[in-house]
1. Send over the per residue convex hull volume for region 72-134, Cα only, as a whole number of Å³.
2. Straight-line reach from LYS74: which lysines have a Cα under 19 Å away, not including same-chain ones fewer than 8 places off?
Amino acid sequence: MSSGFTSPFIGNDQNINPWNFWTKFTQQSGFINIHTTQAGDAELERKIIENVASYGRQLGILMDFLAVVAKDEKFKHLEEADQRAAYEKFNDLVQKVNATKNNRDAKDLLEDLKSLKKRDKQTFDTLVKKIVDL
């Protein structure tokens, strides 16, 4: 008996992996794809994003580090207009990313509270009282 997906058009003994089927015809496997024509080593990049950190996580780490560096006083008095503009763009980007994360966290918290209220009203009421007492 077959353990994979089967298709009535191919026969009952042939496995079909829907993921491979999709990528074979669309070349799209997610929101971010590695194209071998642009990557120095596509297989290495794939291993890094699968086993170490996604592109978003890597960018987040770099932004967190640069935000620490940018707090240094010498960066607050840049004289060149293009340097000041780059500094301001970076700080604006960090603020927008953090605001988006905070907004998502608040939405997630509200959804979790709604779910808790449905599942366990007593615990919900206790938690709400603690929050109000803050």
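Every read-out reported here was derived from the displayed coordinates using simple, explicitly stated rules and does not represent laboratory data. Owing to the predicted nature of the structure, the values given are computational and were not obtained by experimental measurement.
1. Details: hull volume 6.1 nm³, N = 63.
Enclosed volume per residue, from the Cα hull, is 97 Å³.
2. LYS89
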